[in-house]
Amino acid sequence: MHASTVPALRPSRRDGVEARHSLDRGDHLHRGDPQAPRRYDDPYYVVDAVVDAPFGCYPGTVPGLYRADLEHLMEFGVAQMQGKMDAYLEKWVHSVSSHTEMMEKRVGFKKMQTLRSEETHTEGYYT
């Protein structure tokens, strides 16, 4: 999720149990997709929120859905090693208002489709 859209997470209490973990299951929510998983095994007491965030792991990967953006990860690594994180954060976080805007303006539909088509993971949840 984009940093500007995440409210401060506070532990929630359900049935006297304090939840200390949150899950971003955005890439698991595929409305209208008959192949999408419909059942989650996560117990209620470890889930604070379920977030609909397509490409929510970007620039990382969701095996079976899309591969990591290695060029972006290299850009991050170079910025970190050269002490240019302020410029990196301005480009990827502060200059956009949401995760969706970042994906549309900085990544683009063509790149997202390429990441999907180049995913080679063939075992597991999404096969």
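Here, each number is a calculation from the coordinates, and none is a lab measurement. No experiment lies behind these values; they were computed from the predicted model shown. Neighbour counts run over all protein chains shown; Cβ positions are idealised from the backbone, glycine included.
Filter segment 66-84 down to residues that are small (G, A, S) and more than 18 Å from the chain's Cα centre (by Cα) and give me whichever is farthest from A53 (Cα to Cα). Explain how you work it out, then say what you get.
Kept after step one, since they are small (G, A, S), are these residues of segment 66-84: 68, 77, 79, 83.
Restricting the remaining residues to those that are more than 18 Å from the chain's Cα centre (by Cα) gives 77, 79, 83.
Working: G77: 24, A79: 26, G83: 30 Å.
Taking the candidates together, the pick is G83.
Only residues that are charged (D, E, K, R), free of Cβ contacts under 8 Å to residues at least 12 places away in the same chain and over 20 Å from D52 (Cβ atoms): list them for segment 85-104, please.
If the condition is that a residue be charged (D, E, K, R), free of Cβ contacts under 8 Å to residues at least 12 places away in the same chain and over 20 Å from D52 (Cβ atoms), then D86, E90 are the ones that fit.
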